[in-house]
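All remarks here apply to the structure that follows.
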Amino acid sequence: MTKLRTCNRRRKLWPSVLLTVCSVVSPVHSQLVSGTMDVHWNQGSEDCVKNPQPPIQVHQYNAQTFILRESLCATYEAPFIYLLIGKTKALLIDTGAVADAKTMPLAQTVISLLPKGGSRLPLMVVHTHGHLDHRSGDDQFRALPDVEVVPTDLESVKNRLGIADWPNGTGLVDLGDRVIDVIPTPGHYSSHVAYYDRQSGLFFSGDFFLPGRLLLKIPTRTWRARSVLLSSSSSIQSLMCLAGISSWTSPVRPSPPADIIRMSGRCN
Ligand SMILES: [Zn+2]
């Protein structure tokens, strides 16, 4: 288990990928493998019947990293999905908002992107969290050989991603010469995690942190609301400390009620 610096604590037009300062996480991986974000994301169509769009857009960030986006003509969420390929295993982060393989051939597309030659790499399917727009494609993968789909309940996330101390510790997935840190980020969703790729320096934040309103589902009971806010605040603080940012303030829109709450914190 990797320990991050403890930091004094006990839809979207852009993929929720953040390029982060990685030296805190893995000082030995100072040479990041770069990639390109020179891509124009499909804006959908005024009339998707008259002017249908491809169901999935695939952007190759680098030789071993793919960013996929489901079409706005297939789902208004148009979620992003990420495929990271190592020497011995591939990792798919999220499976999008569309279940039907005929409408959205996600599994077929992902398998086609895996390296050719020899036996196909095993594929591990994980999620940032369990909202339906991040896991509706799961069933397309479940029947495939050499594919593991990790469920989104907290026990499964902890057990399969190696997080012994939730939410203070971290987990790790080794893809073979490519290590992915798994960072608990509850708040938006109780078992939400983010992923940090030591090879590329990419951080996959899901819905916990993105360039837009951060949504929290606030329970009606006061003590539960406080628990959600504390979880979210702690998650943001972890991320900011990880990125080497000493203090932060973040607006958060709970749902409901539609008030904006400002949370702030500081790293020592
Ligand atoms: Zn969500």
Which condition breaks for VAL150 when tested against (1) within 16 Å of the ligand (Cβ to nearest atom); (2) within 14 Å of the chain's Cα centre (by Cα); (3) at pLDDT 95 or above?
(1)
ARG69 at pLDDT below 95 and either outside any strand (DSSP E or B) or within 20 Å of the chain's Cα centre (by Cα) (or both)
no
Here's a check for you: in the range 232-253, which residue that is crowded, with 19+ Cβ neighbours inside 10 Å and within 16 Å of the ligand (Cβ to nearest atom) is modelled with the lowest pLDDT?
VAL252
The range 125-140: number of residues that are more than 16 Å from the ligand (Cβ to nearest atom) and either over 18 Å from ILE180 (Cβ atoms) or hydroxyl-bearing (Ser, Thr, Tyr) (or both)
2
If you scan the range 72-87, which residues turn out to be in a strand (DSSP E or B) and not β-branched (Val, Ile, Thr)?
PHE80, TYR82, LEU83, LEU84
Some residue of the range 37-48 being among the β-branched types (Val, Ile, Thr) and at pLDDT below 95:
yes
Would you mind telling me which numbered condition in (1) more than 16 Å from the ligand (Cβ to nearest atom); (2) crowded, with 19+ Cβ neighbours inside 10 Å; (3) under 18 Å from PHE204 (Cα atoms) GLY96 fails?
(1)
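The values are calculated or read from the model by the stated rules, or taken from the named source; none is laboratory data. All values derive from a computational prediction rather than experimental measurement. Virtual Cβ from ideal backbone geometry, glycine too; neighbours counted across all protein chains shown.
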